[in-house]
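Written below as structure tokens is the structure these notes are about.
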Amino acid sequence: MSEENVYWYVLFAKTGQEERLVDMLTGILRGLGTPFIPLKTCVFRRQGQKSLFRKICFPGYIFIESNKSAVDFLAG
């Protein structure tokens, strides 16, 4: 998407249901925006062993990146 006309929308979701909702929204929002969940990579160490895992940055929230303004997005 063009950097000039990028709009961000945030939806509240039930914690633990974020991925399911993103899957549903991907089909519903065709052409209106891209839903995603911001993730961060964390390091867990135990007894000298290192393992990486991904963790949700904002549990209970889903972000949508769109090139539509709020009026166009809601009318969409």
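The values are calculated or read from the model by the stated rules, or taken from the named source; none is laboratory data. As the structure is a prediction and not an experimental result, all values here were calculated from the model. All Cβ positions, even for glycine, are placed from backbone atoms using ideal geometry, and neighbour counts span all protein chains on display.
Residues are listed down the side, and each one gets a yes or a no for (1) at pLDDT 95 or above; (2) within 24 Å of Val71 (Cβ to Cβ); (3) of a type in the set (Val, Ile, Thr):
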residue: Ser2; (1), (2), (3): no, yes, no
residue: Val6; (1), (2), (3): no, yes, yes
residue: Lys14; (1), (2), (3): no, no, no
residue: Leu21; (1), (2), (3): no, yes, no
residue: Ile28; (1), (2), (3): no, yes, yes
residue: Leu32; (1), (2), (3): no, yes, no
residue: Arg46; (1), (2), (3): no, no, no
residue: Lys50; (1), (2), (3): no, no, no
residue: Lys55; (1), (2), (3): no, no, no
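Could you please tell me which pairs satisfy a Cβ distance under 9 Å, a separation of 6+ or placement on different chains, a first residue in segment 9-22 that is closer than 17 Å to Lys55 by Cα, and a second residue that is of a type in the set (Lys, Arg) and in a helix (DSSP H, G or I)?
Partner pairs satisfying both residue conditions: Ala13/Arg20.
Among the residues of segment 60-76, which ones are of a type in the set (D, E, K, R) and either in contact (Cβ under 8 Å) with a residue 24 or more places away in the chain or outside any helix (DSSP H, G or I) (or both)?
Glu65, Lys68 - these are the residues of segment 60-76 that are of a type in the set (D, E, K, R) and either in contact (Cβ under 8 Å) with a residue 24 or more places away in the chain or outside any helix (DSSP H, G or I) (or both).
Given (1) in a helix (DSSP H, G or I); (2) without any contact (Cβ under 8 Å) to a residue 60 or more places away in the chain; (3) touching a Leu at 6+ places or on another chain (Cβ under 9 Å), identify the lone condition not met by Pro35.
(1)
Answer yes if at least one residue in segment 41-60 is out of contact with any strand residue (DSSP E or B) (no Cβ under 7 Å at 6 or more places or on another chain) and surrounded by 10 or more Cβ atoms within 10 Å (Cβ to Cβ), and no otherwise.
Looking through segment 41-60, at least one residue is out of contact with any strand residue (DSSP E or B) (no Cβ under 7 Å at 6 or more places or on another chain) and surrounded by 10 or more Cβ atoms within 10 Å (Cβ to Cβ).
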